[in-house]
Amino acid sequence: MTDDRVFCDNCQQWLQHAQTYCPKFPSVSPPVDRKKWEECVCLAHTCHRAPIRGRDTAPTYRDF
């Protein structure tokens, strides 16, 4: 499994995803009787330009 977070360069925070459903993680299979979402909250993520900060100290925002 890959990292379940993607760093947003605009808001300078990590966006945490439900990998099994998010289309940004095509290599992770959804549960047997389910399918990937066509869209994800992260794909419509609207954020402001935040001051640059280090990825090591950036907060994580859970979309779900």
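Each value in this text was obtained by applying a stated rule to the coordinates, not by laboratory testing. Computed from a predicted model, the values in this text were never measured in an experiment. So basically every Cβ, Gly included, is an ideal-geometry build from the backbone, and we count neighbours across all protein chains shown.
Observations, loosely collected:
- Arranged from fewest to most other beta-carbon atoms within 10 Å of their beta carbon, C22, C42 become C42, C22.
- Which labelled figure in (1) 10.8, 31; (2) 12.8, 42; (3) 11.9, 40 is Rg and Dmax of the Cα atoms in Å, once derived from the coordinates: (2)
- For the chain: relative contact order, % (alpha-carbon pairs under 8 angstrom, 6 or more apart): 42
- Each Lys and Arg Cβ is given +1 and each Asp and Glu Cβ -1; about its Cα centre, the chain then shows a dipole of about 80 debye.
- Neighbour-count ranking [beta-carbon atoms within 10 angstrom, fewest first] of C8, C47: C47, C8
- Ranked by how many other Cβ atoms sit within 10 Å of their own Cβ, fewest first, the residues K35, K24 fall in the order K35, K24.
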